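First up is the structure itself, then whatever we jot down about it.
What follows draws every value from the coordinates through simple rules; no lab data is involved. The structure presented is a predicted model; accordingly, all values stated were derived computationally and were not measured. Note that each Cβ is placed from the backbone with ideal geometry, even for glycine, and that neighbours are counted across all protein chains shown.
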Amino acid sequence: MSNLRKEHWNNIYSSKKLEEVSWYQPIPETSLDFIINSEISKDEPIIDVGGGDSFLIDNLIKGGFNDLTVLDISEVAIERAKLRLGENAEKVNWIVSDIRDFNPIREYSVWHDRAVFHFLQEKKDVQDYYKILLEGLKYHGRLILGTFSKDGPKRCCALDVQRYSTGELSDFFSNDFTTKKTLNTIHKTPFKTEQAFSFIELIKN
Ligand SMILES: C[S@@+](CC[C@H](N)C(=O)[O-])C[C@H]1O[C@@H](n2cnc3c(N)ncnc32)[C@H](O)[C@@H]1O
């Protein structure tokens with residue numbers, strides 16, 4: 001199952017250019033606003049889960065954050081991001097892993113996930129993600145999560161997506177997290193279509 005997922009994402013990154021995927025954003029403004037407004041210091045560890053070859057990492061490096069990790073199931077995506085970053089790639093810890101198999105060996109201050117959690121359909125996968133998140137995020141660390149909202153697409157790149165309202169996300173994580181901020185926002189794809197997103201910032205209790 002995990003291998004099929006990996007193959008699926010590697011195929012996408014092997015066959016489509018950077019600007020040919022719906023999630024492309026030259027400046028990931030919403031994610032950056034959440035991270036910068038969280039007022040974490042520049043040397044606190046940040047992980048971008050399912051970061052792919054997103055420009056978030058370029059912008060965080062530019063912003064002076066210096067303990068950065070990108071995890072993705074697709075080594076093709078990671079290689080593309082490294083290539084683009086050139087020497088700056090050495091400033092990033094790269095992890096090729098399915099998030100469901102991730103075994104964090106340290107605790108992060110920020111766990112960012114845009115458009116990855118919503119691909120988890122099975123109850124067990126969602127529960128495993130939650131467990132791994134609790135292990136990988138430090139006390140008072142921030143979870144910054146963006147999923148398709150109830151008005152968002154039902155599928156993305158041929159995969160079904162679980163859509164969430166901000167209230168549902170808040171409730172889902174409420175045993176261990178306090179909601180700090182929620183936002184409904186629209187992502188404009190490179191194909192001039194719109195995708196409705198729910199974003200949420202949660203603080204680990
Ligand atoms: C829709 S893209 C979003 C990429 C990036 N977060 C962004 O906002 O531009 C989903 C990303 O999650 C990765 N991914 C999908 N399922 C994953 C999993 N189970 N574990 C780790 N990464 C995964 C894909 O390879 C892809 O890079």
Cα centroid of the range 126-205 to Cα centroid of the range 97-112, whole Å: 16 Å
Relative contact order %, the range 1-89, counting alpha carbon pairs below 8 Å whose residues are six or more apart: 33 percent
Lys/Arg +1, Asp/Glu -1 at C-beta; the range 60-148 dipole; positive extreme among A77, T147, V92: T147
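Would you please classify the overall shape of the chain from the alpha carbon gyration tensor, given that a ≥ b ≥ c denote the square roots of the eigenvalues, rounded means a/c under 1.5, and beyond that prolate means a/b larger than b/c while oblate covers the rest?
Numbers: a/c = 1.25, a/b = 1.05, b/c = 1.19.
Judged from the Cα gyration tensor, the chain comes out rounded (a/c under 1.5).
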Stretchable slack from N66 to S15, in nm (0.36 nm times residue separation minus alpha-carbon distance): 15.2 nm
Most mobile of L56, L32, L71 in a GNM of the chain (Cα contacts under 10 Å): L32
Inter-site label distance for H8 and Q162 at 7 Å from Cα along Cβ, in nm: 1.4 nm
HN-Hα J in Hz across the range 99-105 - Karplus 6.51, -1.76, 1.60, θ = phi - 60°, x for Gly and Pro: 4, 6, 9, 5, 10, x, 9
Whole-number percent relative contact order across the range 2-204, with pairs defined as alpha carbons under 8 Å at least 6 apart: 19 percent
Efficiency of FRET between E107 and L183 - r from beta-carbon atoms, R0 22 angstrom, step 0.05: 0.30
Amide H within-cut-off set for S165, under 5 Å, with H built and near neighbours excluded: K150
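If exposed GluC sites (Glu not before Pro) are those in a DSSP loop with at most 13 other Cβ within 10 Å, what is the longest stretch of the chain that has none? Could you put the intermediate results ahead of the total?
Numbers: sites that count: E39, E122.
Longest gap between qualifying sites, sites excluded: 123-205.
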Computed label-point distance, nm, for sites F191 and I36 using a 7 Å Cα→Cβ extension: 3.1 nm
Antiparallel DSSP beta bridges within the chain, as percent of all bridges there, nearest 5: 55 percent
HN-Hα J in Hz across the range 141-146 - Karplus 6.51, -1.76, 1.60, θ = phi - 60°, x for Gly and Pro: x, 9, 9, 10, 10, x
